[in-house]
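The values are calculated or read from the model by the stated rules, or taken from the named source; none is laboratory data. Values in this document were obtained by computation on a predicted structure and should not be read as measured data. Here the Cβ is made from the backbone with ideal geometry for all residues, glycine too, and neighbour counts use every protein chain on show. These area figures cover heavy atoms from the full protein model, side chains too; ligands, DNA and RNA do not enter into them. Shrake-Rupley method; radii C 1.70, N 1.55, O 1.52, S 1.80 Å.
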Amino acid sequence: MSSTDLALLVFRGVIGAVFLAHGLNHVFGGGRLRGTAEWFAGLGVRPGYAHAVVASGVEVVAGVLLVLGLLIGISQPGWAGLLIGLTGAVGAALLLALCWRPNASR
């Protein structure tokens, strides 16, 4: 095994473990799925509960697959799509919060 192979193995394991832990935290930690759903709804992503279930499921399944090194070609688009969608939602919410003035005079 080359040093590049070893580095990729460690990287895959760490990223997979982070995704797994984050997904499990959505399901079992803090506000549970209901809290995650409220957070999604607060960003304007509706229905919040359905998106929370899908996002948490993708994180858990993709994390497990990544740690085990199984179906990498299937799990990568799952978490990449999740990150791209979340980045867009958070970016849009941030832009709206910074630029929208509901009581501003014209």
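What whole-number distance in Å separates the alpha-carbon centres of the stretch 24-51 and the stretch 73-102?
Computed from Cα coordinates, the inter-centre distance equals 15 Å.
With a point put 7 Å past each Cα toward its Cβ, work out how far residue 70 is from residue 50 in nm, to one decimal.
2.9 nm
If 26, 51 are ordered by their accessible area, calculated over protein heavy atoms with a 1.4 Å probe, which sequence runs from highest to lowest?
Largest accessible area first, the list is 51, 26.
Rounded to the nearest 20 debye, what is the charge dipole size of the chain about its Cα centre when +1 sits on each Lys and Arg Cβ and -1 on each Asp and Glu Cβ? Could the numbers behind the result be given before it?
Values: 6 positive and 3 negative charges, 92 e Å.
The calculated dipole for the chain is roughly 440 debye.
Keeping all protein chains in place and using 1.4 angstrom, which order do 39, 79, 100 fall into by accessible surface area, from largest down?
Numbers: 39 125, 79 60, 100 160 Å².
Sorted by accessible area, descending: 100, 39, 79.
Ordering 28, 19 by accessible area with a probe of 1.4 Å, largest first, what comes out? Walk me through the numbers on the way to the answer.
Working: 28 135, 19 25 Å².
The ordering from most to least exposed comes out as 28, 19.
For the stretch 1-59, go through all pairs of different Cα atoms, get the mean of 1/r, take its inverse, and jot down that Kirkwood value in Å.
When all Cα pairs of the stretch 1-59 are included, the Kirkwood radius is 12.6 Å.
Calculate how steeply helix 32-42 sits against the longest principal axis of the alpha-carbon atoms of the chain, using the helix alpha-carbon long axis, and give the answer as 0 to 90 degrees to the nearest 10.
Value to nearest ten degrees: 50.
If you compute Kirkwood radius over Cα pairs in Å for the structure shown, which of (1) 15.3; (2) 22.5; (3) 16.4 do you land on?
Comparing each candidate, only (1) matches the computed number.
For the stretch 1-100, what % of the accessible area comes from carbon and sulfur atoms, probe 1.4 Å?
Working: 4730 of 6310 Å².
Answer for the stretch 1-100: carbon and sulfur cover 75 percent of the accessible area.
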